[in-house]
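Trainee: Please see the structure below; I have some questions.
Every number here is computed from the coordinates shown, using simple stated rules; none is lab data. These numbers come from a predicted model, not from an experiment. Note that each Cβ is placed from the backbone with ideal geometry, even for glycine, and that neighbours are counted across all protein chains shown.
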Amino acid sequence: MSELEGATQTRVWGRRSGAGRRHLDRGKLARWSLSIALFFVLWEAIGRSGRLIAILPASEVLPDLAQQIAEGEILRATLGTLSIAGVGFAIGAAVGVPIGVLLGVSERWSSVLDPLVNASLSAPIAMFIPVIAVYLGLEFKAKVVGVLLFNVFVIIVNTATGIREVPPSVVEMGRAFGTSPPDMYRRIILPWASPYIITGLRIGVGRSVEGAILFDLFLRTENLGLVIRNAAGSFDLSTLLGAVFFITIIAAGTMGLARIVEWRLLRWKTG
Amino acid sequence: MRSETTVSSQGDLVSEGGLPELPRRGREDGLQGWRRLLRNKWVLRAIFYGTILAVWQATAVIKGEFFLPTIPQTIRGFGEIFTEGYAGTLLGTLRQLFAGFLIALVIAIPVGALMGRFRFVEDVLAPYVNTLFVTPKQALLPILIVAVGIGFWYRTWVVILFAVFFPIINTAAGVRYVDTELRETARAFGTSRWRMFTRIYLPASAPFVVAGIRLGFGMAMKGMVIAELWIFSGAGKLLETFSRSPLRLDLYYPLVLLIIFFAVFVNELLKWAERKLRPAAQATGQV
Amino acid sequence: MKGAVEVRGVNKSFPRHQGGGELQVLNDVSFSLDAGTFICLVGPSGCGKSTLLRIIDGLIPPDSGEVLIGGEKVREPSLDRGFVFQQFNLLPWRTVLGNVEFGLENLGVKKQERRRRAHEVIKLVDLEGFETYYPSQLSGGMQQRVGLARAIAVEPTILLMDEPFGSVDDQTRMLLQDELLKIWEQAQKTVIFVTHDIEEALYLGDKIVVMRARPSRITRILEVPFGRPRTDEIRGTPEMGHLKQEIWEELKSGATVEG
């Protein structure tokens, strides 16, 4: 049980484990669709009943939302936030994976840096928001650094774990067959660790999107952050709910996409 | 990156940690005096963190206190936090945090257990749990304020929203684990329902549950900070205040360090608990 | 002569896991073999036979002493020596073909040639038709055949095998032993085979090196009297029984521990 998103990791390289399927599970898709349909039904019902004053029915919120999307502003905002997330993620991956490899391979560096990395994972990064503003301002650069802080540690930890899982006996095999050190990494160590690395990157995507939205709210409020603030300030509940719904879809969509990419990349391992 | 090959008490060759030597030019390390010292992890840590502190101090002195407080200033800042009563604000936040977190656990653990135990429950709830899990909860703050105002329930709900997912997911995983590995064996022995619960489910899923609590607590803290930054109250207010005119970074950093210490402390505590519970979990495998 | 192995005065110790000090795992071990011999190292756990094998391969350096192969000193692993591991050590994301080609890639052999040689060797170990399978889809015995194929694909002068059939069940083991002999009889390479199974050693080898533990050294080298090719019937003969008993006695006395 680690920072690996909390769920148990079944043996990654074992024989066909439960995790991982060749094809889309039809049954699961059906159940998902049912739940989603149920969600909309509930939304409509609760909204109409007026029980929770904060909730308006879907039939009011969604058309408004559709109109807003058509006007284009909300899409531009989404693009803005996602590009911050994207840049932050790219840097996080470029920096995090090598550091993770270093920590996985070198006991020395691991003993020195592990406390730092673990502390960064348990502590709330959000507390640095005010000071990021002090040092880096409120603009793009500051937000990207913020997103970086959000995703890099998860990537590091997962990468390091993956590297540590490489059995020494396989490395010995590589040596016995005369593999050069760079080749050891390229052909043995990194491929073996790749499931963990990819999982770490997937989680990193999620955290990058989260972070981007956070910083678009708390630093210079713009993009999706502005959408939320405006909606909140206008006391137009419909717009507010619509905005939140939309953002949820975007976030869920991005992370779902990341999961699909991960699934496709690792599909062969259930081979 | 050496793997130490040593000899265990049974006389077997034991390979520990890291990866075996990758091909390197030169002979094997003869571990003379100072090299051996460099392998001691406390020495390495001392060197690394000592250097960081030195750089900190130097930067602080060169760039002045509006960029970085010096180490003595930071230490004085610690003191000031207590004498000026800021500690009281922190405690207030802490109380709210625990209250919210407890409620979150009361909700999350049973839900997770049901999800792990009954496929039907999981099928129904999973989409919501998973979707809400990936929703950026910070986007929900404005709605929440409309719904419950900015009093006690605001912060409590935020904490619940942030903290509830890891305990659910992990508890479910723990219960599922018991189901797959142990339940059949137990049933074959005709174990009564109550005993199943106490002797099998509880100890076997305990480490999972604690892991979920640990991760959930981290999220709870995160939620609390965000909630407070948004409405400018509690510890969040302090963090903001110290970072604006007049800039009191010598108070900001101690505050941040306190939060970090606290987070790490709770985390390590729960990790220890997890470790302790694991042998009990494995023992149930010997049903 | 190429393929002749000479071990001279090899010593090796490792630091103890708990408590200080070191344990002498190999104590002044020396022996030599002619090229083309099939020799088995037999001994109890902890007698250092696996360590010795790795020193011969160049994976571990000895504390003192040396190993000469074909008259040249061994310094580091080379593709002149093929190694087969007990735990197979296959790369799970590569197919059978991919795994067999692994050593050939290190040799810098071009793709077409690589394919050809890999196919040849796969046929040799009776895995034809399984080229596109992944290790996770294969049984233990088949996986080890891949390991064997990988080792012989690089056409090494000597073959080192570390309890290669230790992880498979009895029946598979006997089948693999026969296959190994069949392959060896074609190529007649020098083979050093480590095992704790006395019958296996007698069935396979020309010579047997019996080792003891604590302190580790060679107690005896004996010639195996059975002719070649070896057949299953040998297993049941009284001669096999006697030899097994003899070696077992040797091992038992060597295995008494002073602690």
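Trainee: Calculate, in nm to one decimal, what residue B:95 and residue B:121 gain on full extension: separation in residues at 0.36 nm each, minus their alpha carbon distance. Could the numbers behind the result be given before it?
Mentor: Values: separation 26, 0.36 × 26 = 9.36 nm, distance 3.30 nm.
Here the segment from residue B:95 to residue B:121 would lengthen by 6.1 nm.
Trainee: Would you pull out the residues with amide H under 5 Å of residue C:220's amide H, same chain only if 5 or more places away, H placed 1.01 Å from N?
Mentor: Long-range HN contacts for residue C:220: C:210.
Trainee: Want the number for residue B:128 to residue B:273: 0.36 nm per residue separation, take away the alpha-carbon distance, what's left?
Mentor: 49.2 nm
Trainee: Next up: If you take every DSSP beta bridge fully contained in the protein assembly as shown, what fraction is antiparallel? Give it as a percent rounded to 5.
Mentor: On the way: 25 of 44 bridges.
Restricted to the protein assembly as shown, the bridges split so that about 55 percent are antiparallel.
Trainee: With springs connecting C-alpha atoms under 10 Å apart, model chain A as a Gaussian network and identify which of A:142, A:232, A:30 has the largest mean-square fluctuation.
Mentor: Most flexible of the set in this elastic network: A:30.
Trainee: Take A:139, A:262 and order them by how many other Cβ atoms sit within 10 Å, fewest up front. Spell out each step's value before the answer.
Mentor: Details: A:139 11, A:262 17.
So the residues, fewest neighbours to most, are A:139, A:262.
Trainee: Further question on the same structure: For residue C:110, which lysines qualify as cross-link partners when the Cα separation must be under 28 Å and same-chain residues fewer than eight apart are set aside?
Mentor: A:269, C:2, C:123, C:189
Trainee: Another question about this same structure. Is the shape of chain A rounded, prolate or oblate, going by the alpha carbon gyration tensor and its root eigenvalues a ≥ b ≥ c, with a/c under 1.5 for rounded and a/b larger than b/c for prolate? Don't jump to the answer; show the numbers that get you there.
Mentor: Working: a/c = 2.75, a/b = 1.59, b/c = 1.74.
The shape class here is oblate.
Trainee: Dipole size in debye (nearest 20) for the range A:61-270 around its Cα centre, Lys and Arg Cβ +1, Asp and Glu Cβ -1? Provide the component values of the computation, followed by the final result.
Mentor: Values: 16 positive and 14 negative charges, 129 e Å.
With Lys and Arg at +1 and Asp and Glu at -1, about 620 debye.
Trainee: Treating the angle as unsigned and between 0 and 90°, give the value, to the nearest 10°, between the Cα long axis of helix A:73-105 and the longest Cα principal axis of chain A.
Mentor: 20
Trainee: While we're on this one: Before rounding to the nearest 500, sum -39500 (n - 2.57) across all DSSP H runs of length at least 4 in the protein assembly as shown and divide by the residue total; then give [θ] at 222 nm in deg cm²/dmol.
Mentor: Numbers: 29 runs with 499 residues, N = 817.
Estimated from H runs of four or more residues: -20500 deg cm²/dmol.
Trainee: Taking a ≥ b ≥ c as the square roots of the eigenvalues of the Cα gyration tensor of the range A:51-91, is the shape rounded (a/c under 1.5), prolate (a/b larger than b/c) or oblate?
Mentor: Details: a/c = 5.22, a/b = 1.99, b/c = 2.62.
It comes out oblate by the Cα gyration axes.
Trainee: Under a Cβ-Cβ cut-off of 15 Å, what is the net charge of the residues other than residue B:90 that fall near it, where Lys and Arg count +1 and Asp and Glu count -1?
Mentor: In short, -1.
Trainee: Just tell me which lysines come within less than 19 Å, Cα to Cα, of residue C:252; anything on the same chain fewer than 8 places away is out.
Mentor: Those lysines meeting the cut-off are C:49, C:244.
Trainee: Determine which lysines satisfy two conditions relative to residue A:141: a Cα distance under 27 Å, and not lying fewer than 8 residues away in the same chain.
Mentor: List returned: B:63, B:137, B:222, B:237.
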